[in-house]
Amino acid sequence: MRRRMRSHWTAAAAVVMAGVLSLSACGGGGGQAAQPTQGGGDAKKQVEVFSWWTGPGEADGLQAMRKIFEERNPSYTFFDAAVAGGSGDKAKALLQSKLQADTPPDTFQGHAGAELQGYIKAGDLEELNFLYDELKLKDAFPAQLVDQISVQGKIYSVPVNIHRSNVLWFNPAVLKEAGVAGAPKTLEEFVAALEKVKAKGKVPLSIGSEWTVTHLMESVLLGSLGTDAYNALFKPGADWNSPQVTKALEQFKTIMSYAGDPQDDWQPAAKQVADGEAAFNVMGDWAYGYFHNPPEGGLGKKSKTDFDWAPAPGTEGTYLWLSDSFTLPKGAKNRDGAVAWLKVAASKEGQDAFNPKKGSIPARKDAEHSLYTDYLADALKDWSSNKLAGSIQHGVAVNQPWLASINEAVGLFIGTKDVAGLQKALADAAQANAQ
Ligand code: GAL
């Protein structure tokens, strides 16, 4: 990848890379707590894989990778310990209690960037340099991505994908009916389009549970501030009180005034677009898997007809990225089984099975590009040419305590619609957490 991208990448993550970490041993072989051994399974043979990919569109990718794991490892049983709930809010809370009790799953999903740095700092993870050496993984992944999962030369996870957060999904027929010529390119055009849809009585913008509103906010911040100013927000001493941030949050307020009733999670919100009830939804590209995958796992919708996509308004040319990665927790009961899982997650075969279903592009640089068609071909192209910015909601730019404060501020804002209050809470959160 090119040099230009490196500066953006590191800018977004500089904060989290800085700390000197002391890793205290919190396990090291043989946690003994109760673990899922459903059906009387043997805990030694069972590999407990923890994620939040249970829902429609989420689970398909995991199942595809599981199949390869089972073929390669007949002596192990895959135990799917996924906890429902988009963005992993519920899963991550449960995971925290398991880690604190020294009863980790054998492997868990964590986001590259600030989120993973938190687990590393807490001493929860084994380093994986042995695996990177054995499988020559340093050559397989972009160096910038490896930076995000490393501390002082030690690498702590295996990234399976790159997701894009700043995608505007829309229903072409609803836009046409409302007289909207195409995907809005700026935030001003977006508001004008939302107004036209409203006049037709359709839901202009669908939203899900609270985290989806933070997800929307990160795209609005990026679209309003521009890439460099957005990335600068996560550096120590960043000015969240600036008039530029006030303007961005005012725009966010205006956009939110067109939101429909909050749905239970991201899938029902995305479905409103696919079903023609709503015009727009800002969601990560896991929505593509959900729209596109055949029924059972997905909605089996036709791209460009039932749904279409564009960069979120004002963000063209920037990839607001995140990456799902798997870890080796200290004290994993079935360490060998976990390593066997990581080998599949790291492999070209594993990534090429997982990603086309997950709606993401592979973290590996040598994946089979012909498998990535339709939306995913656009994503691969943009990934190789765009500037980078790190997602807030999905673990890149801010760590978990910081995100919790942001989520709380956004949750309050949904009720109060108080821009000044939101801005102050965001500024306080940055001051308390930026390192
Ligand atoms: C993200 C995760 C994605 C997808 C999404 C919705 O945090 O990285 O893989 O699962 O949540 O649940």
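The values are calculated or read from the model by the stated rules, or taken from the named source; none is laboratory data. From a predicted model like this one, the values you see are computed outputs, not experimental measurements. Every residue, glycine as well, gets a Cβ built from its backbone with ideal geometry; the counts of neighbours run over all protein chains shown.
Given the criterion in contact with a helix residue (DSSP H, G or I) (Cβ under 6 Å, 6 or more places away or on another chain), under 30 Å from ILE155 (Cβ atoms) and in the same structural domain as ALA173 (by TED's automatic domain parsing), identify the matching residue among GLY276, GLY289. Break it down into steps so the answer makes sense when it comes.
On the way: GLY276 fails: under 30 Å from ILE155 (Cβ atoms).
Matching residue, one of GLY276, GLY289: GLY289.
Looking at this structure, is ASP378 touching an Asp or Glu at 6+ places or on another chain (Cβ under 7 Å), in the same structural domain as TRP52 (by TED's automatic domain parsing), modelled with pLDDT of 95 or more and charged (D, E, K, R)?
Details: touching an Asp or Glu at 6+ places or on another chain (Cβ under 7 Å): no; in the same structural domain as TRP52 (by TED's automatic domain parsing): yes; modelled with pLDDT of 95 or more: yes; charged (D, E, K, R): yes.
The answer is no for ASP378.
Testing GLY86 on (1) within 16 Å of the ligand (Cβ to nearest atom); (2) farther than 23 Å from TYR290 by Cβ; (3) in contact with a Phe, Trp or Tyr (Cβ under 7 Å, 6 or more places away or on another chain); (4) not hydroxyl-bearing (Ser, Thr, Tyr), one condition comes back false. Which one is that?
(2)
The conditions are (1) free of Cβ contacts under 8 Å to residues at least 40 places away in the same chain; (2) more than 22 Å from the chain's Cα centre (by Cα); (3) loosely packed, with under 15 Cβ neighbours inside 10 Å, and THR373 fails exactly one of them. Which is it?
(2)
Take the stretch 283-302 and flag every residue that is in a loop (DSSP other than H, G, I, E, B), within 16 Å of the ligand (Cβ to nearest atom) and in contact with an Asp or Glu (Cβ under 9 Å, 6 or more places away or on another chain).
Going through the stretch 283-302, the residues in a loop (DSSP other than H, G, I, E, B) turn out to be 283-285, 293-294, 296-297, 299-302.
Retained after the next criterion (residues that are within 16 Å of the ligand (Cβ to nearest atom)): 283-285, 293, 297, 299.
If the condition is that a residue be in a loop (DSSP other than H, G, I, E, B), within 16 Å of the ligand (Cβ to nearest atom) and in contact with an Asp or Glu (Cβ under 9 Å, 6 or more places away or on another chain), then ASN293, GLY297, LEU299 are the ones that fit.
Kindly establish whether TRP266 is within 16 Å of the ligand (Cβ to nearest atom) and either touching a Ser or Thr at 6+ places or on another chain (Cβ under 6 Å) or more than 24 Å from ASP308 (Cβ to Cβ) (or both). Spell out the reasoning first.
Details: within 16 Å of the ligand (Cβ to nearest atom): yes; either touching a Ser or Thr at 6+ places or on another chain (Cβ under 6 Å) or more than 24 Å from ASP308 (Cβ to Cβ) (or both): yes.
So TRP266 fits the description; yes.
Criterion first (more than 15 Å from the ligand (Cβ to nearest atom) and part of a helix (DSSP H, G or I)) does ALA340 satisfy it? I'd like the intermediate steps shown before the answer.
Details: more than 15 Å from the ligand (Cβ to nearest atom): yes; part of a helix (DSSP H, G or I): yes.
Criteria met by ALA340.
For the stretch 206-239, which positions are in a loop (DSSP other than H, G, I, E, B) and crowded, with 20+ Cβ neighbours inside 10 Å?
Filtering the stretch 206-239 for residues in a loop (DSSP other than H, G, I, E, B) gives 206-209, 226, 233-239.
Passing the criteria: SER206, ILE207, GLY208, LEU233, PHE234.
Condition first: among the aliphatic types (A, V, I, L, M) and farther than 30 Å from PHE280 by Cβ. Can you find one or more residues in the stretch 155-166 that meet it? Please lay out each step first, then the result.
Taking the stretch 155-166 and keeping what is among the aliphatic types (A, V, I, L, M), we get 155, 158, 160, 162.
When the remaining residues are screened for being farther than 30 Å from PHE280 by Cβ, the result is 155, 158.
Checked the stretch 155-166: at least one residue is among the aliphatic types (A, V, I, L, M) and farther than 30 Å from PHE280 by Cβ.
Any residue at all in the stretch 112-125 that's in a helix (DSSP H, G or I) and under 15 Å from ALA345 (Cβ atoms)? Step through it out loud before you land on a result.
Residues of the stretch 112-125 that are in a helix (DSSP H, G or I), as a first pass: 114-121.
Of the ones still in play, those that are also under 15 Å from ALA345 (Cβ atoms) are 116.
Yes.
Taking the stretch 207-229 as the region of interest, how many residues are farther than 19 Å from THR254 by Cβ and not charged (D, E, K, R)?
5
Within the stretch 355-366, which residues are in contact with a Pro (Cβ under 8 Å, 6 or more places away or on another chain) and within 13 Å of the ligand (Cβ to nearest atom)?
Residues satisfying the conditions are ASN355, ALA363.
What is the one condition in (1) more than 16 Å from the ligand (Cβ to nearest atom); (2) surrounded by 18 or more Cβ atoms within 10 Å (Cβ to Cβ) that THR305 does not satisfy?
(2)
Taking the condition of being of a type in the set (Val, Ile, Thr), within 16 Å of the ligand (Cβ to nearest atom) and outside any loop (DSSP other than H, G, I, E, B), how many residues in the stretch 143-177 meet it?
The qualifying residues number 3.
Please verify whether the stretch 385-405 includes one or more residues that are of a type outside the set (Lys, Arg), surrounded by 15 or more Cβ atoms within 10 Å (Cβ to Cβ), part of a helix (DSSP H, G or I) and under 15 Å from the mean Cα position of the chain (by Cα).
yes
Output the qualifying pairs, or none if there are none: Cβ atoms under 6 angstrom, residues six or more apart or on different chains, first residue in the stretch 44-58 and closer than 16 Å to ALA93 by Cα, second residue within 8 Å of the ligand (Cβ to nearest atom).
Taking only residues 6 or more apart or on different chains, the pairs are SER51/GLN109; TRP52/GLY85; TRP52/GLY88.
Suppose we keep only residues that are over 20 Å from ALA269 (Cα atoms) and of a type outside the set (Gly, Ala, Ser) within the stretch 184-195. Which one would you say is surrounded by the most Cβ atoms within 10 Å (Cβ to Cβ)? Talk me through it step by step, then tell me what you get.
First, the residues of the stretch 184-195 that are over 20 Å from ALA269 (Cα atoms): 185-189, 192.
Then drop every residue that is not of a type outside the set (Gly, Ala, Ser), which leaves 185-189.
Working: LYS185: 16, THR186: 14, LEU187: 22, GLU188: 13, GLU189: 16.
So the residue we want is LEU187.
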